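See below for the structure under consideration.
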């Protein structure tokens, strides 16, 4: 009997071949033929799974977003039972930083998508999709912290949550540009959280562990609508889905 091919798995493998190329030459520098060669298949076989480059790019971005959601869920699940809001925020925020080579590739791919999404409406819509969910997740943690007396109530806002997302985007960008290294980015994140929450309990656990593929917050590495996985239910977390970078 002929071998049964898992079409979804093969499309994901092609997406990951695209990411490897995009991390070194950008999306415009990765042709269908290049991606096919990187994936170890013929151009005709690739076109069996994707009719056009635009279709491949959109699917690959959605795949990034699913992985980003799974990664953040795993980081929250790895925290101690009933984690504090600060622990949840640090786990999520540090997971969006390029702290090792694999996560650096993910952020580079995200930057490549960002440059294209500015002019590509379908990609822009997908890239923006998860930001409201991530903002809501962070705002919920800030409100929990205020209720616990760990944060001034006036800081428990969606604006503050958006500032956290923007800060991580900036820190990640400067790592890519070699303005500072990953350890400095993590130190600056901890410095901001210390200023926000107070110095007690800065850092913590293995929250600085590197992330895998997926992009940081800004350009959309969030679970696509109806796809991916929301963070696990923890006290006060609600059901917001995290975003990543693309």
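The values are calculated or read from the model by the stated rules, or taken from the named source; none is laboratory data. What you are looking at is a predicted structure, and each value in this text was computed from that prediction instead of being measured. Cβ placement follows ideal geometry from the backbone for every residue including glycine, while neighbour counts extend to all protein chains displayed.
Summary table
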| item | result |
| --- | --- |
| Residue 42 being exposed (fewer than 13 other Cβ atoms within 10 Å of the Cβ) and in contact with a helix residue (DSSP H, G or I) (Cβ under 7 Å, 6 or more places away or on another chain) | yes |
| Residue list for the stretch 26-48, restricted to those being within 25 Å of the chain's Cα centre (by Cα) and more than 22 Å from residue 121 (Cα to Cα) | 35, 38, 39 |
| Residue match in the stretch 153-165 (condition: surrounded by 15 or more Cβ atoms within 10 Å (Cβ to Cβ) and under 13 Å from the mean Cα position of the chain (by Cα)) | yes |
| From 25, 73, 86, 10, residue being closer than 30 Å to residue 161 by Cα and surrounded by fewer than 20 Cβ atoms within 10 Å (Cβ to Cβ) | 73 |
| Verdict on residue 35 being part of a helix (DSSP H, G or I) and either surrounded by fewer than 21 Cβ atoms within 10 Å (Cβ to Cβ) or touching a residue at least 60 places away in the same chain (Cβ under 8 Å) (or both) | no |
| Subset tally (residues that are part of a helix (DSSP H, G or I) and out of contact with any strand residue (DSSP E or B) (no Cβ under 6 Å at 6 or more places or on another chain)) for the stretch 77-106 | 17 |
| Qualifying position, being under 24 Å from residue 114 (Cα atoms), crowded, with 22+ Cβ neighbours inside 10 Å, out of contact with any strand residue (DSSP E or B) (no Cβ under 7 Å at 6 or more places or on another chain) and at pLDDT 50 or above, among 177, 189, 142 | 189 |
